[in-house]
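Some notes on the structure that comes next.
The values are calculated or read from the model by the stated rules, or taken from the named source; none is laboratory data. This structure is a prediction, so every number in the text was calculated from the model and none was measured. Neighbour counts are summed over all protein chains in view; Cβ atoms, including those assigned to glycine, are modelled from backbone coordinates with ideal geometry. In case anyone asks, the SASA skips ligands and DNA or RNA and just uses the protein heavy atoms, side chains included. Shrake-Rupley method; radii C 1.70, N 1.55, O 1.52, S 1.80 Å.
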Amino acid sequence: MKLFLTVFCFLISFLSVAQVSGEIINDGRKIVTPIAYTISGHQAGKFVFKIAVNMDGKVTSCTLQKDQSTIVSTPLMMKAKNSIITGLTFEKDYAFPEFHYGFVTIEVIEHNE
């Protein structure tokens, strides 16, 4: 059971880092509360958001990067953005910049009805 939990935690942290990039990860700031980095939709693709995180570890800004995103769907984009703003948190540390920047990629998985 311990081995399973260890492997599970490793995979979660690896997948989280793969979907979050930029200065915030390069500086070694850890994710405290991860989110689901996939959502389902009628078309496969991805959304890329630029985020700003304050010293308390909360996402304070989340802006869609249209040039890096492959889907144009306002409802799905808002669902992904709300997930980031309300769910994703990073470690609290006053050694980090006042606004720490990075990117979050949300994959959209096509579902068939």
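Points worth noting:
- Note on region 21-50: residues that are closer than 14 Å to Met77 by Cα, in contact with a Phe, Trp or Tyr (Cβ under 9 Å, 6 or more places away or on another chain) and hydrophobic (A, V, I, L, M, F, W, C) amount to 3.
- Checked against the criterion of being under 17 Å from Thr89 (Cα atoms) and of a type in the set (A, V, I, L, M), region 36-46 has at least one qualifying residue.
- Residues within region 1-35 that are at pLDDT below 90, among the basic types (Lys, Arg) and surrounded by 14 or more Cβ atoms within 10 Å (Cβ to Cβ), tallied: 0
- The condition (being in contact (Cβ under 8 Å) with a residue 12 or more places away in the chain, part of a strand (DSSP E or B) and of a type outside the set (Gly, Ala, Ser)) is satisfied by just one residue among Phe96, Phe103: Phe103.
- In region 94-108, the condition of being acidic (Asp, Glu), open to solvent by 30 Å² or more (accessible area, probe 1.4 Å) and within 14 Å of the chain's Cα centre (by Cα) is met by at least one residue.
- Positions within region 79-113 being out of contact with any helix residue (DSSP H, G or I) (no Cβ under 7 Å at 6 or more places or on another chain) and under 16 Å from Gln43 (Cβ atoms), in sequence order: Lys79, Ala80, Glu107, Ile109, Glu110, His111, Asn112, Glu113
- Region 75-91 - residue that is surrounded by 14 or more Cβ atoms within 10 Å (Cβ to Cβ) and without any contact (Cβ under 8 Å) to a residue 40 or more places away in the chain and, of those, nearest to Val32 (Cα to Cα): Ile85
- Of the residues making up region 36-72, those that are surrounded by 13 or more Cβ atoms within 10 Å (Cβ to Cβ), among the hydrophobic types (A, V, I, L, M, F, W, C) and more than 15 Å from the chain's Cα centre (by Cα) number 3.
- 2 or more residues of a type in the set (Gly, Ala, Ser): qualifying strands (runs of 3 or more DSSP E) within region 28-75: 38-41, 45-53
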